[in-house]
1. Output yes when any residue across the range 38-46 is free of Cβ contacts under 8 Å to residues at least 12 places away in the same chain, in a helix (DSSP H, G or I) and closer than 28 Å to H105 by Cα, and no when none is.
2. Spot the failing condition for F74; the list is (1) aromatic (F, W, Y); (2) closer than 26 Å to S122 by Cα; (3) more than 18 Å from the chain's Cα centre (by Cα), and only one is missed.
3. Give just the number: which of (1) modelled with pLDDT of 85 or more; (2) over 30 Å from S138 (Cα atoms); (3) surrounded by fewer than 16 Cβ atoms within 10 Å (Cβ to Cβ); (4) not β-branched (V, I, T) does Q93 not satisfy?
Amino acid sequence: MSDIIPDNFKTDHEKDFFIKAKIEEFKATVSFAQIALKAAMLINGGAAVAILAFMGNTWRKGNATTSPTESLWFFTGGIITAAFAAGVAYLAQHGFVLAKNENEHKSAMRWRVTSIVLIILSYIIFAFGAWEASSTFSDSRKSQSTSCTCEEAAAGGPSI
């Protein structure tokens, strides 16, 4: 423990304060990591549920012109990526707890960086899914506004 405490502390009080500050810093880091993991799963999962509800409602009414299944695949990939990030974060934390030397600490640090990259990747996948869903809905609106029934065609085109 003494090798992590800087040498410039003169009193035990300063050392205790430093240790308590590091513990609180660690707790905050873990808390923010949990928030990032939960957010990645929540936004991708919520989007997947919304797409499924939309598809079910559209198909039930019988007016499904396009299907947003591609965006559903993106959101599912985002959920899986976030779940992997949670597993990798566990491995990183476990590695930090068991680290007995600098090499083991570096290994745990690589797991941590991998987890962070996976969380960011999950957010990026969500963005692609949202873009795909938006494009699908936009294309669907365009095809609905340009298509017309036989009655509308006889009357001179669709009524907008």
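The values are calculated or read from the model by the stated rules, or taken from the named source; none is laboratory data. Keep in mind that this is a model prediction, so the values were computed, not measured. Counting neighbours? That spans all protein chains shown, and the Cβs are built from the backbone with ideal geometry, glycine included.
1. So in the range 38-46, the residues free of Cβ contacts under 8 Å to residues at least 12 places away in the same chain come out as 38-39, 42, 46.
Next, from what is left, pick out any that are in a helix (DSSP H, G or I): 38-39, 42, 46.
From what's left, closer than 28 Å to H105 by Cα: 38-39.
Among the residues of the range 38-46, at least one is free of Cβ contacts under 8 Å to residues at least 12 places away in the same chain, in a helix (DSSP H, G or I) and closer than 28 Å to H105 by Cα, which makes the answer yes.
2. Condition not satisfied by F74: (3).
3. Condition (3) is where Q93 drops out.
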